[in-house]
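Could you have a look at this structure, given as structure tokens, before my questions?
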Amino acid sequence: MLAVSHAIEDLAHDTAGGELISTFQHFNNFRCQEKNYRAIARKLDAVRVWGEGEPPHNCPDIDFIPIFHPELTRYWVVLFDSPDIHALLFCKQANQSNEFHQKVFSGFYSFNPFLVRCIRRRFGLLSCGISGVVSHFERYFAPQMPDSLSDFDSLLATA
């Protein structure tokens, strides 16, 4: 997931224009990526970083959006949308671990412009505080992704 995330960030960096949306669960997790995101933000139309906690104050070109619904902290999303390039990593944490190396995620990546723009639109609604969109996320995406490690194991067993 980390490699796919960085690949999408690299696509964004190499493109002059578009929007990058990333979730970091907590803004403290953003600190190690701050230099990279500042460079990306100088090239794009918008960079939006989601997380809990106190956002960094020294990144004027980046929009920091507080996660207001605890369910959203379970998602790992990196989305890039430009006129020519569309890329998405969309994952949900399948266990309750707080330790990064013990977290298990399930999800998918896509280059489908319709899907990328659909999820981008939902993030736009979420940033406006429309909490009903969270239930839409859960209703449309969560059934495809396991909610626990045992669900994840059974999904792997049937795949």
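The values are calculated or read from the model by the stated rules, or taken from the named source; none is laboratory data. Owing to the predicted nature of the structure, the values given are computational and were not obtained by experimental measurement. Please note: Cβ atoms are built from the backbone with ideal geometry, for glycine as well, and neighbour counts cover all protein chains shown. All accessible areas refer to the heavy atoms of the entire protein, side chains included, with ligands and DNA or RNA removed. Shrake-Rupley method; radii C 1.70, N 1.55, O 1.52, S 1.80 Å.
Can you list residue pairs whose Cβ atoms sit under 7 Å apart, with the first residue in region 95-110 being polar (S, T, N, Q) and the second being assigned to a helix (DSSP H, G or I) and modelled with pLDDT of 85 or more? Count only pairs 6 or more apart in sequence or on different chains.
Hits for this filter: Ser110/Val116.
Filter region 48-64 for residues that are within 12 Å of the chain's Cα centre (by Cα) and not charged (D, E, K, R) and give the result.
Those that are within 12 Å of the chain's Cα centre (by Cα) and not charged (D, E, K, R): Val49, Trp50, Gly51.
Ok, one more. Being under 20 Å from Val104 (Cα atoms) and open to solvent by less than 50 Å² (accessible area, probe 1.4 Å) is the filter here; which residues of region 28-42 pass it?
Passing the criteria: only Phe30.
Looking at (1) in contact with a helix residue (DSSP H, G or I) (Cβ under 6 Å, 6 or more places away or on another chain); (2) at pLDDT 90 or above; (3) closer than 17 Å to Glu19 by Cα, which is the one condition that is false for Pro113?
The one condition Pro113 does not meet is (1).
What pairs come out if I take residues in region 69-86 that are closer than 10 Å to Pro113 by Cβ and touching a residue at least 24 places away in the same chain (Cβ under 8 Å) and pair them with residues that are β-branched (Val, Ile, Thr) and open to solvent by less than 10 Å² (accessible area, probe 1.4 Å) whose C-beta lies under 7 Å away, six or more apart or interchain?
Matching pairs, first to second residue: Asp81/Val116; His86/Val116.
List every residue pair whose Cβ atoms sit under 6 Å apart, with the two residues 6 or more apart in sequence or on different chains, where the first one lies in region 1-27 and is within 27 Å of Gln96 (Cα to Cα) and the second, anywhere, is in a loop (DSSP other than H, G, I, E, B) and at pLDDT below 95.
Here the result reads His26/Gly53; Phe27/Gly53; Phe27/Pro55, each pair linking region 1-27 to a residue that is in a loop (DSSP other than H, G, I, E, B) and at pLDDT below 95.
If you take just the strands (runs of 3 or more DSSP E) that sit entirely in region 26-118, which of them hold at least 1 residues that are within 21 Å of Asp14 (Cα to Cα) and among the charged types (D, E, K, R)?
Those strands (runs of 3 or more DSSP E) span 46-52, 63-66, 75-81.
Looking only at region 1-25, which residues are open to solvent by less than 30 Å² (accessible area, probe 1.4 Å), assigned to a loop (DSSP other than H, G, I, E, B) and either modelled with pLDDT under 95 or of a type in the set (S, T, N, Q) (or both)?
Thr15, Gly17
So in region 69-126, with the set limited to residues that are open to solvent by less than 10 Å² (accessible area, probe 1.4 Å) and over 14 Å from the mean Cα position of the chain (by Cα), which one is farthest from Arg48 (Cα to Cα)?
Ranking the qualifying residues of region 69-126, first place goes to Ala94.
Which residue is least open to solvent (accessible area, probe 1.4 Å), if the candidates are limited to region 43-68 and must be of a type in the set (Gly, Ala, Ser) and out of contact with any Asp or Glu (no Cβ under 6 Å at 6 or more places or on another chain)?
Restricting to residues being of a type in the set (Gly, Ala, Ser) and out of contact with any Asp or Glu (no Cβ under 6 Å at 6 or more places or on another chain), the top hit is Gly51.
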